[in-house]
Amino acid sequence: MSEPVSQARRALNQTPADRLVSGVGEVLGRSYGITDVELYQVDYRLAELLPLGDGEPIDSPGHPAWRAFDHQSPILTDGNGWFPVTMRGERRGVLCLSPVPDDPDVLAALAEIATSLAHEVAAVSAGTDVYRAARRSQRLTLAAEMQWDLLPGRSRIRPSFSLAGQLEPAYTVRGDSFDWSDDGERLWLATINGTGEGVAASLLTSLATHSLRNARRAGLSLADQAALADQAIYDLHRGEQHLSALLMELDLRSGTMAVVDAGSPRLVLLRGGEVTEQPLEAQFPLGMFEATDYHEQKFPLERDDRLFVVSDGVLEATGQHMRYGETALDRFLRRTGPMAPLDAVRSLIGDLRAFVAGDLVDDAVVVCLDWYGPQP
């Protein structure tokens, strides 16, 4: 590790949470003569890169900032360097530095510093609103604020898999959500197709999510996780409120997928360029009846399989008196093969926005999972 990288990491650890960018900027000025430092964070819609300081938002797809974000590699143009701010696959934005010499060793060191910045921003965000507030181009509704704080992130990468998810309409989402966790041997993924309006919908989804997490962290099976969440919702609402969920557990050693379909969103498989809907055994939504007995079904994944989970808000999106529907969805998913999961999710949401000529009215959730195969 080079001395400037070590100095930058120390500065990030020692600088107050709200001054991370200026703290690392002082190190970069001394080490490389860099005078301008700005952090651009991707907004909730994945549509703009918003400056932490007083700069202008970047929304042009061809801009060097977006090229660095999309390709996850440094971009150097006219002395300006754009570096991905990413940790463990979670793309947070880009770091803009100037002037930057065209030196491979310097670029590599700056890229490493940008990654360290991503980790530190994630670490301090629970104790300061500086970075969350700067990520929004408009005010979030209360329900949306609750939903976004509930998420584990928007993307995740490990040697055996890569996944990403997105909620729409980003600034007013109510009940749709997703959750994931992995322990090196298994990946758990839950996608919730919420019901209701406003804060009530967010509260119901929050109850389901925390119930599922509680059961998962207690080491319960996938079926028992569903049963615990089902009972928690039923005990509170006595069947008057319920929601649909798809629970998945992937064995990272074998590629075997276990699924509980609790009135779930649609599960689509992209394999060898062909799109097929994965047949699932429909079971009751969570909270509909007391003491529902859930059970798992299993199927194997093949190397390089891609799975999409989409809620009914995607299929039922309406534009010009027409529904988006399964045909348009399958056609679009087939085109996402070369894209990384986050890019595939962002492209699908963009296609939906274009179809409805604006933001979606109903909630929609899209999750994409790529399986690369068991790793040593």
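The values are calculated or read from the model by the stated rules, or taken from the named source; none is laboratory data. The model shown is predicted, which means the values in this text are computed figures rather than measured ones. Cβ coordinates were reconstructed from backbone atoms using ideal geometry, including for glycine residues, and neighbour counts include every protein chain displayed.
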Mind checking which strands (runs of 3 or more DSSP E) fall wholly inside segment 292-376 and carry at least 3 residues that are at negative phi and hydrophobic (A, V, I, L, M, F, W, C)? 305-310, 364-371
Do you know which of the residues in segment 40-55 that are modelled with pLDDT of 95 or more and more than 19 Å from the chain's Cα centre (by Cα) is surrounded by the most Cβ atoms within 10 Å (Cβ to Cβ)? L52
If you take the residues of segment 151-170 that are more than 11 Å from V365 (Cβ to Cβ) and in contact with a helix residue (DSSP H, G or I) (Cβ under 6 Å, 6 or more places away or on another chain), which of them is surrounded by the fewest Cβ atoms within 10 Å (Cβ to Cβ)? S162
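Determine whether segment 27-43 contains at least one residue that is touching a Ser or Thr at 6+ places or on another chain (Cβ under 6 Å), assigned by TED's automatic domain parsing to the domain that holds C96 and of a type outside the set (D, E). Steps first, please.
Let us first name the residues in segment 27-43 that are touching a Ser or Thr at 6+ places or on another chain (Cβ under 6 Å), namely 36, 43.
Of the ones still in play, those that are also assigned by TED's automatic domain parsing to the domain that holds C96 are 36, 43.
Restricting the remaining residues to those that are of a type outside the set (D, E) gives none.
Scanning segment 27-43 turns up no residue that is touching a Ser or Thr at 6+ places or on another chain (Cβ under 6 Å), assigned by TED's automatic domain parsing to the domain that holds C96 and of a type outside the set (D, E).
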For residues that are of a type outside the set (V, I, T), out of contact with any helix residue (DSSP H, G or I) (no Cβ under 8 Å at 6 or more places or on another chain) and at pLDDT 95 or above, tally how many sit in segment 249-279. 11
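Considering only segment 178-191, I want to know if a residue exists there that is assigned to a loop (DSSP other than H, G, I, E, B), acidic (D, E) and surrounded by fewer than 17 Cβ atoms within 10 Å (Cβ to Cβ).
Taking segment 178-191 as the starting set, the residues that turn out to be assigned to a loop (DSSP other than H, G, I, E, B) are 183-185.
Adding the requirement that they be acidic (D, E) leaves 183, 185.
Within this subset, residues satisfying the condition of being surrounded by fewer than 17 Cβ atoms within 10 Å (Cβ to Cβ) are 183, 185.
Scanning segment 178-191 turns up at least one residue that is assigned to a loop (DSSP other than H, G, I, E, B), acidic (D, E) and surrounded by fewer than 17 Cβ atoms within 10 Å (Cβ to Cβ).
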Residues located in segment 88-100, provided they are farther than 18 Å from E38 by Cβ and surrounded by 15 or more Cβ atoms within 10 Å (Cβ to Cβ): G89, E90
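Select, from A328, A282, A291, the only residue that is more than 30 Å from L228 (Cα to Cα) and small (G, A, S). Write out each step before concluding.
On the way: A282 fails: more than 30 Å from L228 (Cα to Cα); A291 fails: more than 30 Å from L228 (Cα to Cα).
Unique residue meeting the criteria: A328.
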Every residue in segment 348-372 that is small (G, A, S) and surrounded by 18 or more Cβ atoms within 10 Å (Cβ to Cβ), please. A364
Somewhere in segment 133-150, is a residue closer than 28 Å to P265 by Cβ, within 15 Å of the chain's Cα centre (by Cα), surrounded by fewer than 16 Cβ atoms within 10 Å (Cβ to Cβ) and not assigned by TED's automatic domain parsing to the domain that holds I34? yes
Is it true that some residue in segment 203-226 is surrounded by 22 or more Cβ atoms within 10 Å (Cβ to Cβ), among the acidic types (D, E), assigned by TED's automatic domain parsing to the domain that holds W180 and closer than 24 Å to P279 by Cα? no
Here the qualifying pairs (Cβ atoms under 7 Å; residues six or more apart or on different chains; first in segment 319-344 and assigned by TED's automatic domain parsing to the domain that holds R271; second exposed (fewer than 13 other Cβ atoms within 10 Å of the Cβ) and assigned to a loop (DSSP other than H, G, I, E, B)) come out as G319/A357; R334/G273; G337/G273
From (1) without any contact (Cβ under 8 Å) to a residue 24 or more places away in the chain; (2) within 27 Å of L203 (Cβ to Cβ); (3) part of a loop (DSSP other than H, G, I, E, B), pick out the condition that doesn't hold for D235. (3)
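Given the options V37, V85, name the one that is crowded, with 18+ Cβ neighbours inside 10 Å and within 30 Å of A354 (Cβ to Cβ). Outline the logic, then answer.
On the way: V37 fails: within 30 Å of A354 (Cβ to Cβ).
One residue alone meets the criteria, V85.
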If we keep just the residues of segment 1-16 that are surrounded by fewer than 16 Cβ atoms within 10 Å (Cβ to Cβ) and either within 24 Å of the chain's Cα centre (by Cα) or hydroxyl-bearing (S, T, Y) (or both), which is farthest from R92 (Cα to Cα)? S2
Can T115 be described as under 19 Å from the mean Cα position of the chain (by Cα), polar (S, T, N, Q) and part of a helix (DSSP H, G or I)? yes
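Looking only at segment 71-84, decide whether some residue is under 19 Å from the mean Cα position of the chain (by Cα) and either among the β-branched types (V, I, T) or within 24 Å of A126 (Cα to Cα) (or both).
Here is the first cut: in segment 71-84, the ones under 19 Å from the mean Cα position of the chain (by Cα) are 71-72, 84.
Retained after the next criterion (residues that are either among the β-branched types (V, I, T) or within 24 Å of A126 (Cα to Cα) (or both)): 84.
Among the residues of segment 71-84, at least one is under 19 Å from the mean Cα position of the chain (by Cα) and either among the β-branched types (V, I, T) or within 24 Å of A126 (Cα to Cα) (or both), which makes the answer yes.
Check V21, V5 and return the single one that is in contact with a strand residue (DSSP E or B) (Cβ under 9 Å, 6 or more places away or on another chain) and either over 20 Å from T128 (Cα atoms) or of a type in the set (A, V, I, L, M, F, W, C) (or both). Spell out the reasoning first.
On the way: V5 fails: in contact with a strand residue (DSSP E or B) (Cβ under 9 Å, 6 or more places away or on another chain).
V21 is the lone residue from the list that is in contact with a strand residue (DSSP E or B) (Cβ under 9 Å, 6 or more places away or on another chain) and either over 20 Å from T128 (Cα atoms) or of a type in the set (A, V, I, L, M, F, W, C) (or both).
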